[in-house]
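Worksheet: the structure to be examined is printed underneath.
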Protein chains: 4
Amino acid sequence: MPEIPFSEIPMSEGTIDSAAGWWRTSIIDIHPGSIRVRGYAIEELIGTIGFPDMVWLMLRGELPTPAQGRLLGAALVAAVDHGPQAPSIATARMAATCGVGLNNAMASGINALGDVHGGAGQQCMDLYAAVAARMTEGMSMAGAAENEIAARLERREHIPGFGHRFHPVDPRAGRLLALVEAAKGEGAVTGEAAAIGRAVEDALTARKGKRLPMNIDGATAVVFAELGFPSGLGRGLFVLSRSVGIMAHAWEQSQQGGRIKGPMPPSIPYRYDGASPRPVPAEFPGDGA
Amino acid sequence: MPEIPFSEIPMSEGTIDSAAGWWRTSIIDIHPGSIRVRGYAIEELIGTIGFPDMVWLMLRGELPTPAQGRLLGAALVAAVDHGPQAPSIATARMAATCGVGLNNAMASGINALGDVHGGAGQQCMDLYAAVAARMTEGMSMAGAAENEIAARLERREHIPGFGHRFHPVDPRAGRLLALVEAAKGEGAVTGEAAAIGRAVEDALTARKGKRLPMNIDGATAVVFAELGFPSGLGRGLFVLSRSVGIMAHAWEQSQQGGRIKGPMPPSIPYRYDGASPRPVPAEFPGDGA
Amino acid sequence: MPEIPFSEIPMSEGTIDSAAGWWRTSIIDIHPGSIRVRGYAIEELIGTIGFPDMVWLMLRGELPTPAQGRLLGAALVAAVDHGPQAPSIATARMAATCGVGLNNAMASGINALGDVHGGAGQQCMDLYAAVAARMTEGMSMAGAAENEIAARLERREHIPGFGHRFHPVDPRAGRLLALVEAAKGEGAVTGEAAAIGRAVEDALTARKGKRLPMNIDGATAVVFAELGFPSGLGRGLFVLSRSVGIMAHAWEQSQQGGRIKGPMPPSIPYRYDGASPRPVPAEFPGDGA
Amino acid sequence: MPEIPFSEIPMSEGTIDSAAGWWRTSIIDIHPGSIRVRGYAIEELIGTIGFPDMVWLMLRGELPTPAQGRLLGAALVAAVDHGPQAPSIATARMAATCGVGLNNAMASGINALGDVHGGAGQQCMDLYAAVAARMTEGMSMAGAAENEIAARLERREHIPGFGHRFHPVDPRAGRLLALVEAAKGEGAVTGEAAAIGRAVEDALTARKGKRLPMNIDGATAVVFAELGFPSGLGRGLFVLSRSVGIMAHAWEQSQQGGRIKGPMPPSIPYRYDGASPRPVPAEFPGDGA
């Protein structure tokens, strides 16, 4: 029987009898002529619920209310793209000139949405949750936000979701917060995450002496938290949204043509700052030739 | 100046002056406080158009009509998942147990949606286009479909988009065709691709002596063709849709736990059918030790 | 000028004048007719140094001694493969049946070598370094190993690099340690990492009451540490080595044929344990059709 | 039982009884305490054969002669890197600033080595094979090369493996050809692929009126063909070699620091050439807020 070292072995084992349980899922059940997603017949879902509703159903197990589905859709619309200088987009555009499929170009772009490039929304959801946790200990929201921010700044940690390099106000953030407010009016969300987000912004402003307004990551974090998503899925939802931009840019690049497009025009050389020319030491005998 | 061999060089060169044109796009324009997608201010799009409308705008440059947006959304809902035994889904689930981010697990799954696993819809759109091209030469739709199918079968080519292993009828296909019919009633589509699809099904049935009903690939190909997408984007739209299933399964697996989950339970050994045990030839001196 | 939100912006900015410094490297310098790696002319390196020597030069900036190069090569040989049930290998094999290029199949497999699947060697190098750090505080090697292991076990942490599920002794580990011993005799390495590795094994044995012998991750960690690689490159070297297995298996699968090969035979169904069949709620109007 | 549509189903089915054959391999056999690669005990291979020998054994099933192993190693040394402006390298460097693992950065870079960026060597091997096929029909080598080149140029096809943008002579090509010549002297190779390569260069020169010297792709194609590799593996061997450069650059970038590094300095804006600013049409009701 094949063996697998500690670093390569699954935690649990099955037997031939239980092989069918090696892959188990609550998401989809398929029989001849029948495909059910979370219990619903696929043909009843198609054309009946919206795409964001389907995203919700797949990830959460239940359908959202129409208002929840609309709010999720708005956040998915908001984060699709921020231009070809983002490494995820640039990667997909370059890949599109290298002779790979559109799926491969998209995969390469998505693969770059790591903790630093794609993780700020998830981290911001964790920040809001940390403030909420302090509140359950009896602290006021403002106090909880101040203490959480103070603790993070003392640890010299980055505060995700706030501040912007050039935008005085991120046009996406205000719009998303207005939609959350409207959804709260409809009873679709409680508005607590939005309130925490504003409290964090105030606490940051007080500490920094200037306003660091909520950015797209902070605002989508509000939406996803209001809708009850765990922070790990906040990351996934951002990836799904940005996938649209990645696809659009990869496609646009493929229509523009070009082969093996590098990151900068060849007329802009890179800088070499390494060793000066030198011969290979004599101890390597060159026995190849 | 760095040089690049033929296999590694961009086709066109720029100069420092034209460096800004190395990356050019019609998709998005960004200025301080302003993000415009295809000319529209992002804050006007968020909460106003649906996510499928945004997908359309990003890919096509113009907004769809609401009816077109709904039909696109229906196709995106239809193709999200077909269970954990598909290699794309299994790959993402396995990756989720290997200590990578959700974006990396999604990328690995998406990367597998190649010509064979993710390309049938694109290929089927090309098939419909080939039938349409024969029609522009004055042939009837039925005749064009018959000739195209006959030519492909003679070349022993696979006919994408039709036939199913177990499903007597793919429940997704009929529903999508009904939606196209309804959209035709609204004037949102012409219905020509749907008619071609049915003609191809008839031609196949006549040649095979049994009905090979349209499957999900054939039906989404109808929808995307009706909506005017080029076939290459048909591939991308399938990838976007299936990304939802890939994310949901990777997330579910991460919640189930497990480390370095292999394709089958360890109790099911793989079969080795290679060389018998043998010593390393003496000509390799083992100078390492 | 395009703007980039905090989560998407490079830390440092350049100007047109300094654009050439945006990409800077000490690795390679290229001029018409000239390619120099770390100062050496490529044509002097080809056929003169071995491939592991080149790996070392690229990563470290200087050539290894021949004995160092041989030891590195031995570790690269050791970790190439552990069978098709490892998710990295299975992923590449499945991808090879999905209509993507060999490079894409390799990328998908390599992408799965995350912290859990590919990180044990790196983590074990960090463990050895932690023991060495305790020694610089005046502690004996045995004491340092015992304290480090005790501290980790108290924190319920996994101890990387030791123990094996079935192998009484990992045949790769003993051989690699013997090569380190021989290299120490030649003066190529000090042997300290090997000694620490054995001390960790002893400390683990004492705590567990049974021997948990060093496995491939623990042994390659010894080799890479003896050779002075930082732990992050230990990860990279494992990836390079396993890439060979990933390529070989993807290629073998492509020669075996098969289309869209799933993780288990279709005759083994997966288990659905989700919601029972149910209709879509009436609040979704089905306005698509 | 789960079902899979035509586009998602494996070609062959197994049964529970034959599940162990779903994954079968001639590469590696593993038992408790025993790992055999192509029949050889792993502990006999480690420290005895070189890394290129192991690459050969994994891919081919038999060990090379030492001379063959050295020649393979020389080709692997030759192709490791061509600077940070190649999209594969740039992609990995950018990924290294996005918060993903080194394996993920390597995967993204490798994923870009598609038909255009990484396929020239494979295509050149096919070109040499096409010339050889014409020779088996009784044509002289020079005549076969001329006819093949003429046919391809008439079809306006790219001729892979020859010509260089700036290098008057690719310094890697001449060195590799000299090593093939030496290996021929040792009886390790026949020299036929090298002769065909030179004949192709002559034929191209005659047609173009100026010399298009063999480049790295043409020269590694000679080596891999001389050594009997199929062209598909020529692609894989290039990927393996370039993986070293991808790793070295990703690592160097991670040591340089930077977060979310884009393709060009932010001071170089991209060019937007799309629609002018415009409002969202009134038919989208903005029901989200």
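The values are calculated or read from the model by the stated rules, or taken from the named source; none is laboratory data. Note that the structure is a prediction, hence the values are computed from the model and not measured. Neighbour counts run over all protein chains shown; Cβ positions are idealised from the backbone, glycine included. Side chains included, ligands, DNA and RNA excluded: accessible areas come from the protein's heavy atoms. Shrake-Rupley method; radii C 1.70, N 1.55, O 1.52, S 1.80 Å.
Quickly run through the range D:116-157 and pick out the residues that are in a loop (DSSP other than H, G, I, E, B), of a type in the set (D, E, K, R) and under 17 Å from residue D:224 (Cβ atoms).
Taking the range D:116-157 and keeping what is in a loop (DSSP other than H, G, I, E, B), we get D:116-119, D:137-140, D:155-157.
Those still in the list that are of a type in the set (D, E, K, R) too: D:137, D:155-157.
Hits for the range D:116-157: nothing passes.
Taking the criterion of being within 22 Å of residue C:174 (Cα to Cα) and open to solvent by less than 10 Å² (accessible area, probe 1.4 Å), the residues of the range C:129-162 that qualify are C:131, C:145, C:149, C:160, C:161, C:162.
Inspection of the range A:120-127 finds a residue satisfying the criterion of being within 14 Å of chain D (Cβ to nearest Cβ) and either open to solvent by less than 30 Å² (accessible area, probe 1.4 Å) or at pLDDT below 95 (or both).
Just give me the residues in the range A:209-249 being basic (Lys, Arg) and under 19 Å from residue A:174 (Cα atoms), in sequence order.
Within the range A:209-249, A:210, A:211 meet the criteria.
Note on the range B:103-133: residues that are more than 15 Å from residue A:102 (Cβ to Cβ) and in contact with a Gly (Cβ under 8 Å, 6 or more places away or on another chain) amount to 6.
Residues considered: C:218, C:228, C:161. Of these, the only one that is touching a Phe, Trp or Tyr at 6+ places or on another chain (Cβ under 7 Å) and under 30 Å from residue D:246 (Cβ atoms) is C:218.
Only one residue in D:34, D:7 is touching a Pro at 6+ places or on another chain (Cβ under 8 Å), more than 29 Å from residue B:113 (Cα to Cα) and modelled with pLDDT under 95, so which one is that? Spell out the reasoning first.
Numbers: D:7 fails: more than 29 Å from residue B:113 (Cα to Cα).
One residue alone meets the criteria, D:34.
Residue count for the range D:67-91, restricted to those that are under 21 Å from residue C:52 (Cα atoms) and in contact with a Phe, Trp or Tyr (Cβ under 8 Å, 6 or more places away or on another chain): 9. Only residues that are in contact with a strand residue (DSSP E or B) (Cβ under 7 Å, 6 or more places away or on another chain) and at the interface with chain C (Cβ under 10 Å from one of its Cβ atoms) were counted in the range D:212-248, giving 1. The residue that is surrounded by the fewest Cβ atoms within 10 Å (Cβ to Cβ), among those in the range B:23-75 that are aromatic (Phe, Trp, Tyr) and closer than 24 Å to residue D:270 by Cα, is B:40.
Checked against (1) touching a strand residue (DSSP E or B) at 6+ places or on another chain (Cβ under 6 Å); (2) at pLDDT 95 or above, residue D:255 passes all but condition (1). For the range C:268-289, does any single residue satisfy the condition of being touching a residue at least 60 places away in the same chain (Cβ under 8 Å), within 14 Å of chain A (Cβ to nearest Cβ), part of a loop (DSSP other than H, G, I, E, B) and open to solvent by less than 10 Å² (accessible area, probe 1.4 Å)? Looking through the range C:268-289, none of the residues is touching a residue at least 60 places away in the same chain (Cβ under 8 Å), within 14 Å of chain A (Cβ to nearest Cβ), part of a loop (DSSP other than H, G, I, E, B) and open to solvent by less than 10 Å² (accessible area, probe 1.4 Å).
What are the residues in the range D:29-62 that are of a type in the set (A, V, I, L, M) and either more than 7 Å from chain B (Cβ to nearest Cβ) or out of contact with any Phe, Trp or Tyr (no Cβ under 7 Å at 6 or more places or on another chain) (or both), if any? Those that are of a type in the set (A, V, I, L, M) and either more than 7 Å from chain B (Cβ to nearest Cβ) or out of contact with any Phe, Trp or Tyr (no Cβ under 7 Å at 6 or more places or on another chain) (or both): D:30, D:35, D:37, D:41, D:42, D:45, D:46, D:54, D:55, D:57, D:58, D:59.
Comparison of B:203, B:225, B:250 shows that the only residue that is within 30 Å of residue B:58 (Cα to Cα), open to solvent by less than 10 Å² (accessible area, probe 1.4 Å) and either of a type outside the set (Val, Ile, Thr) or over 25 Å from the mean Cα position of the chain (by Cα) (or both) is B:250. Could you run through the range D:159-212 and say how many residues are more than 25 Å from residue C:44 (Cβ to Cβ), out of contact with any Gly (no Cβ under 9 Å at 6 or more places or on another chain) and either free of Cβ contacts under 8 Å to residues at least 12 places away in the same chain or in a loop (DSSP other than H, G, I, E, B) (or both)? So the count comes out to 6.
Taken over the range C:72-83, residues that are facing chain B (nearest Cβ under 7 Å) and at pLDDT 95 or above amount to 1.
What number of residues within the range C:181-201 are at the interface with another protein chain (Cβ under 9 Å from one of its Cβ atoms) and among the hydrophobic types (A, V, I, L, M, F, W, C)? Give the derivation first.
Step one: of the range C:181-201, the residues at the interface with another protein chain (Cβ under 9 Å from one of its Cβ atoms) are C:181-183.
Checking the rest, the ones that are also among the hydrophobic types (A, V, I, L, M, F, W, C) come to C:182-183.
Adding up the residues that qualify gives 2.
When restricted to residues that are in contact with a strand residue (DSSP E or B) (Cβ under 9 Å, 6 or more places away or on another chain) and at pLDDT 90 or above, the range B:258-270 contains 0. For the range C:86-119, a residue qualifies if it is closer than 25 Å to residue B:268 by Cα and open to solvent by 10 Å² or more (accessible area, probe 1.4 Å), and the qualifying residues are C:96, C:116.
When residue B:263 is tested against (1) open to solvent by less than 10 Å² (accessible area, probe 1.4 Å); (2) out of contact with any Pro (no Cβ under 6 Å at 6 or more places or on another chain); (3) over 27 Å from residue B:68 (Cα atoms), exactly one condition is not met: (2).
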